Each structure stands twice: as structure tokens, then as C-alpha cells.
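Novice: Before anything else, here's the structure in question.
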Amino acid sequence: MPETTNGTQAIDRAAQLLVRVVEAAQPPSVGELAERAGLPKSTTSRLVSALERQGLVQRLGDRGRLTAGPVLLRYANRDVSSTLVELAVPSLRRLADASGETINLAVPGVDGVEHLAQQDTAHFVGVTDWVGRKVPFELAANGKVFLAFNTPSPQHAPIRARGYATSIDELEVGLAAMAAPVIGPTGDAIAALSISGPTARLTSDRIVQLAPRLTEEAGRLAERLGHRDHTRGAA
């Protein structure tokens with residue numbers, strides 16, 4: 001089959017690949033996708049890259065298997081965001097009581113972290129309303145979680161190994177945060193729970209103390225969402 005295609009053919013083939021990715025029982029590799037679609041692997045790779053750039057598909061793990069991208073996930077979750085927030089409320093409250101700091105529930109967006117819900121700190125210093133705000137993946141603790149579990153690379157191995165990420169003086173000087181993934185059935189982070197506060201209170205020792213509670217609540221939320229097999233090995 002020739003690899004040169006006109007615009008209509010390219011659109012048709014990209015749409016076909018997208019449907020196959022979304023409907024696949026298990027995330028396919030580019031090679032498997034090419035074989036099922038009857039396309040050259042080079043053509044498939046080029047079309048998949050275009051879909052990936054638009055957020056319609058994304059790669060999972062070091063082997064790059066394909067699943068629905070953040071745009072489709074956001075669309076699918078528009079009507080269930082309120083359910084996600086409702087199910088997260090108990091965890092938000094327990095973490096707020098345990099830490100005394102600001103607790104957030106966030107999901108991955110197309111070009112940054114989107115905050116859905118917040119439980120405020122008991123302190124006067126540190127109260128910031130993050131709901132509705134978008135922050136860069138690379139600077140936020142919850143953003144690092146999404147990068148580590150959804151698009152892993154060797155640099156993210158420590159985060160995957162310990163099960164949480166931190167951000168100290170990165171998003172803003174004097175601000176510390178830690179976040180743990182809410183793992184979905186395919187092993188990707190569909191949401192994240194985070195604890196944030198001033199570095200004077202959320203010290204490195206305090207972060208280590210709170211980490212087990214944070215990862216436990218993230219696991220509880222995953223179970224409440226119906227995801228029983230939400231473990232994922234470290235890279």
C-alpha cells in the first residue's frame with residue numbers, strides 16, 4: 001500500500017486508528033495497530049503522532065502502548081467530574097484533618113493540571129484557592145505524578161518507585177506540595193490527591209510522615225471509583 005495519501009485518506013485513516021485505540025480491549029502498540037488496520041508501520045506511526053499531538057491518544061509506559069488521550073478523557077469525564085469530586089470528599093477531609101494543610105483533587109488536562117476540588121488548611125497562612133486554576137505539569141507535584149505514571153521515562157522512576165511526587169519552591173518560592181496518583185484500571189493516573197502548604201510547615205520530614213497516609217487515601221479513592229486492580233510496578 002503506498003504511503004503517500006491525500007488529505008481525505010489521511011483523515012480517514014487517522015480516524016480509523018483512533019477508533020481502534022479507543023475500542024481495543026488492551027492498549028495496542030503501534031506495530032499491533034498497523035497490523036490490525038492493514039497499514040504500513042511508518043504510516044501508522046506518523047498518524048499516531050498527529051493524534052498524540054492533538055491529545056487524542058497517549059502512550060503508556062516505556063513500551064509506548066496507546067490509549068485514549070487527555071482530550072477524550074476530559075470529554076468522557078465532563079459528566080462524571082461531579083461524581084469524582086463527590087467520591088473524593090471523604091479523602092480530602094481525612095487528609096485535611098491529618099495534615100492541617102490544603103488538600104486538592106486534580107486531573108490531567110491537555111497542557112496542564114486542572115484542579116477540581118479543595119479542602120482548605122486550618123491555618124491562616126497557606127490558604128490559596130486552586131480550584132479552576134491550571135498549572136504546568138513540570139512544576140506541580142500532581143503534574144509530576146501525571147508525567148511519571150502516564151508518560152513515564154527514566155527520570156520519573158523515583159516517583160513511580162516511592163508512589164508520590166513533591167514540588168518544593170518550584171511553582172512558587174515558599175510553597176511545598178506532595179501528590180499521589182489515583183490509578184485507573186489500565187495503570188495510568190486518572191487523578192491525583194495533593195497536600196500543599198508553606199515550606200516552613202511542610203518540611204521534608206513532614207512530607208515523609210504524611211506520605212503513607214496520602215498514598216493510602218489515593219488508593220481508597222481508586223477503589224471507590226471501582227478500580228480494584230490499581231497497582232502499577234515501578235519503572
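The values are calculated or read from the model by the stated rules, or taken from the named source; none is laboratory data. Every value quoted in this text rests on a predicted model; they were computed, and no experiment measured them. When we count neighbours, we look across all protein chains shown, and the Cβ atoms used for this are built from the backbone with ideal geometry, even at glycine. Ligands, DNA and RNA are excluded from the accessible area calculation, which covers all protein heavy atoms including side chains. Shrake-Rupley method; radii C 1.70, N 1.55, O 1.52, S 1.80 Å.
Novice: For Val57, list long-range residues whose amide hydrogen, built 1.01 Å from N in the peptide plane, is under 5 Å from its own amide hydrogen.
Specialist: It is Glu52, Gly69, by chain and number.
Novice: Once you've got the GNM for the chain with C-alpha springs shorter than 10 Å, pick whichever of Glu170, Glu86, Glu114 has the biggest mean-square fluctuation.
Specialist: Of Glu170, Glu86, Glu114, the most mobile in the Gaussian network model is Glu86.
Novice: Given the Cα-Cα distance of Thr199 and Leu139 and 0.36 nm per residue of separation, how much length would full extension add, in nm?
Specialist: Stretched fully, the Thr199-Leu139 segment lengthens by 20.1 nm.
Novice: Using a basic spin-label model with each label point 7 Å from the Cα along Cα→Cβ, how many nm lie between Gln16 and Arg46?
Specialist: 1.5
Novice: Let me check against my output: what whole-number percent is the relative contact order of the chain, with C-alpha pairs under 8 Å and at least 6 apart?
Specialist: 15
Novice: So if each residue of separation counts as 0.36 nm, and I subtract the Cα-Cα distance between Glu86 and Ser153, what length gain in nm does that give?
Specialist: 20.9 nm
Novice: Could you please report the charge total around Arg36, scoring K, R as +1 and D, E as -1 over all other residues with beta-carbon less than 14 angstrom from its beta-carbon?
Specialist: It works out to a net charge of +1.
Novice: Would you mind telling me which residue in Ser196, Ser42, Ser167 has the biggest mean-square fluctuation in a Gaussian network model of the chain, where springs connect alpha carbons within a distance under 10 angstrom?
Specialist: It is Ser42.
Novice: Taking all protein chains as present, what is the carbon and sulfur share of the accessible area of the chain, in % to the nearest whole number, probe 1.4 Å?
Specialist: 52
Novice: In Å², and per residue, what accessible area does the chain have when probed at 1.4 Å with the other protein chains present?
Specialist: With all protein chains present, the chain gives 50 Å² per residue.
Novice: Running a GNM on the chain with Cα contacts under 10 Å, which residue among Gln58, Gln209, Gln118 ends up with the highest mean-square fluctuation?
Specialist: Gln209
Novice: Still on this structure, I have one more. Just to confirm my numbers, what's the Cα centroid distance between the stretch 137-195 and the stretch 86-119 in Å?
Specialist: Using only Cα atoms to place each centre, the spacing works out to 13 Å.
Novice: Please give the contour-minus-distance gain from Glu223 to Gln54: 0.36 nm per residue of separation, less the Cα-Cα distance, rounded to one decimal in nm.
Specialist: 57.8 nm is the gain from fully extending Glu223 to Gln54.
Novice: Treating the Cα atoms of the chain as identical point scatterers in vacuum, please give the log10 of the normalised Debye intensity I(q)/I(0) at q = 0.11, 0.12, 0.15 Å⁻¹, two decimals.
Specialist: Reported log10 I(q)/I(0), two decimals: -0.58, -0.67, -0.96.
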